[in-house]
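What follows is a single structure, written as structure tokens, with notes after it.
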Amino acid sequence: MSADSISAPPTGPDALHAALIEAIADQRLAPGERLTETELAAIFGLSRRQVEKALVRLCADGLAEASPNRGVFVARPDAAEARDVFALRRLLEREATAAAARAAATDPALIPALRAALAAEHAARAAGDGRQAVRRSGEFHTRIGEASGNRELAGLVRRLVARSALIVQLHRNDAALSGWHADHDRLVDLIAAGEAEAAADEMVRHLQAVESALRLDRPAAAATGGLRGALLGG
């Protein structure tokens, strides 16, 4: 297998799967949005069989749900699932954060990417764009997963961040979540200093605070938007 084949961008069902995850993480696809096979096939130039393969994977990721005789829909995580997701994130992101801090101690070049993600989040908050701020927050967590140097761990974090985007859409509490950026500032500083255990502990505390701030007992919001606009930006 060549290096080119390893680094090549995804195609076919893989490209659709990646695009759907990105659209969910960016909150362009809402919880409960129907993922119509024929429309997705037309948008991506795929066969319905290829679309079906991508949707099966999305369901396995916990990002979509198949309903008999109705189709496949973007997942609508309930309170129990939200708690499970954040419990798993605390376990995985604790390790990812510690690994990122250890890596940063010998490779300071990892830090600029984290600071760039943090700057984008700050800019979104300063502009009063809550949706963009949540998106950038997710990117920040994904960057930490990538900085761990463990591709499998980074992939798990990326999918859990996307599931968390659905949870936040359904159960968000903007007033209580306004302190995220300060937590992220502390995390970057600890990672940059190579303080692995302190950074890992801060990540656990941060994720616990985010979960506690969510209104998990609040009725879920209705789905809005459409596939073509969400996936193509049109």
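Data table
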item	result
Single condition Ala66 does not satisfy, out of (1) small (Gly, Ala, Ser); (2) outside the structural domain of Asp183 (by TED's automatic domain parsing); (3) surrounded by 15 or more Cβ atoms within 10 Å (Cβ to Cβ)	(3)
Residue list for the stretch 132-166, filter: among the polar types (S, T, N, Q) and within 18 Å of Arg94 (Cβ to Cβ)	Ser137, Thr142, Ser148, Asn150, Ser164
Sole exception among (1) charged (D, E, K, R); (2) surrounded by fewer than 18 Cβ atoms within 10 Å (Cβ to Cβ); (3) over 16 Å from Ile191 (Cα atoms) for Glu37, by number	(2)
Test: residue in the stretch 101-121 that is within 30 Å of Asp78 (Cα to Cα), out of contact with any helix residue (DSSP H, G or I) (no Cβ under 7 Å at 6 or more places or on another chain) and surrounded by 15 or more Cβ atoms within 10 Å (Cβ to Cβ)	no
Those helices (runs of 4 or more DSSP H) lying entirely in the stretch 56-152 with at least 2 residues closer than 30 Å to Arg218 by Cα and at pLDDT 95 or above	79-106, 130-147
Residue check for Leu207: in the same structural domain as Glu121 (by TED's automatic domain parsing), closer than 26 Å to Ala23 by Cβ, assigned to a helix (DSSP H, G or I) and modelled with pLDDT under 65	no
Residue among Arg90, Arg48 that alone is surrounded by 14 or more Cβ atoms within 10 Å (Cβ to Cβ) and charged (D, E, K, R)	Arg90
Residues located in the stretch 23-58, provided they are free of Cβ contacts under 8 Å to residues at least 24 places away in the same chain and either touching a Ser or Thr at 6+ places or on another chain (Cβ under 8 Å) or within 23 Å of His141 (Cβ to Cβ) (or both)	Ala41, Arg48
Failed criterion for Asn150 (all others in (1) in contact (Cβ under 8 Å) with a residue 12 or more places away in the chain; (2) touching a helix residue (DSSP H, G or I) at 6+ places or on another chain (Cβ under 6 Å) hold)	(2)
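The values are calculated or read from the model by the stated rules, or taken from the named source; none is laboratory data. For clarity, every value in this text was computed on a predicted model and none was experimentally measured. Because the Cβ atoms are built from the backbone with ideal geometry, glycine has one as well, and the counts that use them run over all protein chains shown.
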